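Only one structure is covered here, and it is reproduced in the block below.
The values are calculated or read from the model by the stated rules, or taken from the named source; none is laboratory data. Keep in mind that this is a model prediction, so the values were computed, not measured. Here the Cβ positions follow ideal geometry from the backbone for every residue, glycine too, while neighbour counts run over all protein chains shown.
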Ligand code: HEM
């Protein structure tokens, strides 16, 4: 890796999307942070923003750092969705598209759904812990969001597993095009074809999100294309992200000395554990923005129509903001983390993500005495979302007699 501070701006050839860096990225993030507030990466034709304060400033300034041309690197992936999905739109379109989600995903709506979600989670956990050891990625981390989000959207059961590879493929397509991304494209296509088919048939469970969105089309509040794009975006946004946050927390329970016992003694720390987990192991690594005019980031001049890479996962480990950023600290409760973005595009599903994660942990707390690794965890390579392929765990049950 070579890095060159030039007269006016720092330049680097660090490629955070490349598999070896992506699988173990924290030294590279630190190097980029130390180079400056915005670092030119000529090989990818973008500027990397990796410090906490600068990331926050970019995300808060949606008029200059726009999403409406897409938040992926490649225009081949941006063009079909730009201005049609909430993530890839600017006001006023953004407000209209987001308004269709707010009633479904608000904290109030989540409070109403909490016990339903807890029941789904309890059933999954009861079945899993009947065995003393298991792979927690498919058995818990994937099973919970697939059932929760699949049911909320009102999707037919058959076909839901297309989400596994479909979400992985869609997320990876936000990074600069590479052979690893190209070979995933068929999975994204299969997934989109299934969503199109379900939407065309209107085959959603009555009262579900899908049903409500269909109704919005009938009442002329959104187009059919926007509806399909919204369903697809919700499913993708609500799947791999949550899968990875649940898997990361289970790994911390097994590996962090004293963490499981501390939670057993004081379950009120549960929400703080979720925040610290997504700070340290941010499921979404980075998204792009475009500049709408000449501007600057932390004093570094940036031209109009430049690609800006916003690296949430680096900001969350910025030593300028968090003391001992690489340590898991249960008492930290970092509610200001960037794992779910900031500004008008901040995660619309954060309340749901929290309910799912907290439900998993509280279900386990009621049932499990000890939780340990039963083998080496295996990381999964995806340039945009950070997660595990497998997490072998062994547990001992509580005496509930
Ligand atoms: C731990 C789990 C999650 C993480 C880490 C996460 C992360 C993020 C991030 C970083 C953004 C900001 C994108 C940007 O800056 O452009 C975002 C936006 C979004 N997320 Fe999440 N997310 C999670 C769970 C969910 C869930 C469960 C849903 C819904 C089912 C969801 C739906 C959305 C939507 C719709 C947006 C776009 C919001 C907008 O553009 O206004 N997310 N998420």
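Inside the range 69-80, residues that are buried (at least 18 other Cβ atoms within 10 Å of the Cβ) and either out of contact with any strand residue (DSSP E or B) (no Cβ under 9 Å at 6 or more places or on another chain) or farther than 16 Å from residue 236 by Cβ (or both) make up a count of 3.
Taking residue 379, is it in a loop (DSSP other than H, G, I, E, B), away from the ligand (no atom under 11 Å from the Cβ) and in contact with a helix residue (DSSP H, G or I) (Cβ under 7 Å, 6 or more places away or on another chain)? The answer is no for residue 379.
Taking the options 91, 37, name whichever one is in a loop (DSSP other than H, G, I, E, B), surrounded by 21 or more Cβ atoms within 10 Å (Cβ to Cβ), more than 20 Å from the chain's Cα centre (by Cα) and touching a residue at least 40 places away in the same chain (Cβ under 8 Å). One residue alone meets the criteria, 37. In this entry, residue 129 passes the filter for residues that are in contact with a strand residue (DSSP E or B) (Cβ under 7 Å, 6 or more places away or on another chain), modelled with pLDDT of 95 or more and surrounded by 15 or more Cβ atoms within 10 Å (Cβ to Cβ). Which one is farthest from the chain's Cα centre (by Cα) among residues in the range 320-346 that are within 7 Å of the ligand (Cβ to nearest atom) and surrounded by 18 or more Cβ atoms within 10 Å (Cβ to Cβ)? Here the answer is 345. Within the range 295-313, being within 16 Å of the ligand (Cβ to nearest atom) and either under 21 Å from the mean Cα position of the chain (by Cα) or surrounded by fewer than 21 Cβ atoms within 10 Å (Cβ to Cβ) (or both) holds for 307, 308, 309, 310, 311, 312, 313. Scan the range 192-218 residue by residue and report those that are free of Cβ contacts under 8 Å to residues at least 40 places away in the same chain and surrounded by fewer than 16 Cβ atoms within 10 Å (Cβ to Cβ). Scanning the range 192-218 gives 193, 196, 197, 200, 201, 202, 215, 218. Here residue 292 meets the list (1) under 27 Å from residue 382 (Cβ atoms); (2) out of contact with any helix residue (DSSP H, G or I) (no Cβ under 8 Å at 6 or more places or on another chain); (3) within 16 Å of the ligand (Cβ to nearest atom) almost entirely, failing just condition (1).
Taking the range 171-266 as the region of interest, the helices (runs of 4 or more DSSP H) fully inside it that hold 2 or more residues being within 22 Å of residue 140 (Cα to Cα) and more than 17 Å from the chain's Cα centre (by Cα) are 240-255, 259-265.
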